[in-house]
Each structure stands twice: as structure tokens, then as C-alpha cells.
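Derivation of every value follows stated rules applied to the coordinates shown; laboratory data play no part. Predicted, not measured: the structure shown is a model, and the values here were computed from it. For neighbour counting, all protein chains shown are included, and Cβ atoms are generated from backbone atoms with ideal geometry for every residue, glycine included.
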Amino acid sequence: MGARNGKSSSAIRRDERHPQFSELSMIYEGSTEDIAVRPPDLSPHGMFVNTAKEFPEGAILKLRFRLSRSGIMIETRCEVRYCLSKVGVGVEFIDISREFVQAIENEIDLATQIF
């Protein structure tokens, strides 16, 4: 599946994304299989996850990752918004706490101050 409405993935992103974390794991909700992933790009509202595994738009995934600078462990559910075959998936966070959103925003702010 491609991006919605023929728009490129960057055209449908709500926020600029930054690579700011480690220890990423992803599980298809209702499954126990841990999915192999590589470090993605992050925004306060979602991320692009590099994985060869394909998911349909609307699939619900569970994400867990640690922010690099603060060390905060983020756990949230997310919904697949688009899938690039053999490349990865763009997901939007759902049911994410305000504290986690703020932690991600702070992590991105710190990263942009360094550059």
C-alpha cells in the first residue's frame, strides 16, 4: 500500500521527524511475535518505522522505545497510516499519554538545539 490520496509520505506527515531513541520493539496487536525493525524517524504524533514486514492501513501495533537523551521509556499503541512495501510503515500514535508526548517534544527540542 502507498500513501493515502496519492500524496507522498512527507506530504501527509503532521510534524517533522527526528531519530531520537533506542530499544525499539514493535508487536502486531493480538500477536506475540516481536517484529524486526530498524531505528525510525520520530515526531510527537507518530513515526516511520523501517521494517520489511508489511501491515495493512489501519492495523494496530504496540510500540516501545527509549528516548536517547532523557532515558524515558515510551509505550503506546499506534495505527498504520501507510505502508511502503519492504521499506517500512508510517504510524500515528493513539492512546499516548500527554506526558509521553511532552517527553518526545523535549527530546526533539534538545536535538535541534545541538544542530
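How many nm is it between the label spots at residue 99 and residue 73, if each spot is 7 Å from the Cα in line with the beta carbon?
The two pseudo-label positions are separated by 1.3 nm.
Starting from 0.36 nm per residue, how many nanometres of slack lie between residue 28 and residue 110 once their C-alpha separation is accounted for?
26.4 nm
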